[in-house]
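Participant: First the structure, which I've put down as structure tokens, then a few questions once you've had a look.
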Amino acid sequence: MIKGILFGLLCTLATSSMYAQVFSGLEEIDKAKKEGFYTYINSEEKYVIEAWKKYLKQVGSVENGRNGGTLNVYSAKIKEISDKPVSLLSKVSEEKNKTKLFVSISTGPDMYIQTGHESFREASNWVEEFVRLINLEEDVRVEEKKLNELISNKAKQQKLADRFVRELDSNKRQAELLTKKLEEAKVEKEKILANQEQNRLDLKTNEDAILQQAQKLETAKQKIK
């Protein structure tokens, strides 16, 4: 009895260790509780639904359930799990910032694949293969996002570079305009200095003329006396 319990515990621990990504559980699908197993996927719900539907199409005709995220294949041919068609109901939902994929596979009346079922390992491997594939797709999305961010940053940097070129061109034109104005101001200054000197000479000439004329006037006045 005790040996049997210990053996069962060891088997459970071994199964849990080998298939830590997949857990047995219950889920409500189309308003009915279903037995099955589930796993969490680090990808957005919309991507998981799209990829899961594509994955299911390989084993049969996929039908949408009553609620969003529910995908069913009522006669699924999954050779990895069973030689006969099985009924597969599934649900993709958001839970704790992760995407949960629940799968309920019936191999017969009230016979659902869970921990302890003879096909649980095969079913787990089949679902884990899907997780592996979608993780690869997620890696592509991540790398594509990084590439788009780099392209976007380059476009922003290019716009900044173009702006600097325009600003330098504007600065050059302003400098040329200032240089031209300085040259014009220099020429104007020389003209002013030349006019100032001419005016000084004209004043001197005028003063000399006034002095001479005053002397002539005084000489003329002396003759009257």
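The values are calculated or read from the model by the stated rules, or taken from the named source; none is laboratory data. Fair warning: this is a prediction, and the values are worked out from it, not measured in the lab. In this analysis, Cβ positions are derived from the backbone assuming ideal geometry, glycine residues included, and neighbour counts consider all displayed protein chains. Just the protein is used for accessible areas: all its heavy atoms, side chains included, with ligands, DNA and RNA removed. Shrake-Rupley method; radii C 1.70, N 1.55, O 1.52, S 1.80 Å.
Participant: For Gly65, enumerate residues with amide H under 5 Å from its amide H, sequence gap 5+ or separate chain, H modeled in the peptide plane.
Facilitator: Thr70, Leu71, Asn72
Participant: Name the most mobile residue of Ala76, Ala175, Ala51, meaning the one with the largest mean-square fluctuation, in a Gaussian network model of the chain with Cα contacts below 10 Å.
Facilitator: Ala175
Participant: Under a Cβ-Cβ cut-off of 12 Å, what is the net charge of the residues other than Ala194 that fall near it, where Lys and Arg count +1 and Asp and Glu count -1? Write down the numbers at each step before the final one.
Facilitator: Working: positive: Lys189, Lys191, Arg200; negative: Glu188, Glu190, Glu197.
Within the 12 Å Cβ shell, the charges total 0.
Participant: Find out how many positive minus negative residues lie around Val103, taking Lys and Arg as positive, Asp and Glu as negative, among other residues whose Cβ is under 10 Å from that of Val103.
Facilitator: Working: positive: Lys34, Lys91; negative: Glu27.
Net of charged neighbours comes to +1.
Participant: Separate question: For region 40-101, which semi-axes, largest first and in whole Å, follow from the square roots of 5 times the eigenvalues of its Cα gyration tensor? Intermediate results must be reported in sequence, preceding the final value.
Facilitator: Numbers: eigenvalues 99, 29, 18 Å².
Those come to 22, 12, 10 Å.
Participant: Which value, in Å², gives the accessible area per residue of region 85-197 when a 1.4 Å probe is used on the protein heavy atoms?
Facilitator: Working: 8220 Å² over 113 residues.
Ligands and nucleic acids excluded, the result is 73 Å² per residue.
Participant: If the viscosity is 0.692 mPa s and the temperature 37 °C, what translational diffusion coefficient in µm²/s does Stokes-Einstein give for the chain when Rh comes from Kirkwood over Cα pairs?
Facilitator: Working: Rh = 25.6 Å.
Translational D for this selection: 128 µm²/s.
Participant: Could I ask something else about it? Probe 1.4 Å, all protein chains in place: accessible area of Arg163 in Å², nearest 10?
Facilitator: Counting only protein heavy atoms, Arg163 exposes about 110 Å² to solvent.
Participant: OK, next. Could you list which residues have their amide H under 5 Å from that of Thr115, counting only those 5 or more apart in sequence or on another chain, with H placed in the peptide plane?
Facilitator: Amide H to amide H, under 5 Å and 5 or more residues apart or across chains, Thr115 pairs with Ser24.
Participant: With the crude spin-label approximation of a point 7 Å out along Cα→Cβ, what separation in nm comes out for Gln215 versus Leu203?
Facilitator: If labels sit at Gln215 and Leu203, their model points lie 2.3 nm apart.
Participant: Continuing with this model, one more query. How far, in nm, would the chain grow between Val165 and Ile151 when pulled straight, counting 0.36 nm per residue and subtracting the alpha carbon separation? Write out the running numbers ahead of the final one.
Facilitator: Details: separation 14, 0.36 × 14 = 5.04 nm, distance 2.07 nm.
Stretched out fully, the Val165 to Ile151 stretch lengthens by 3.0 nm.
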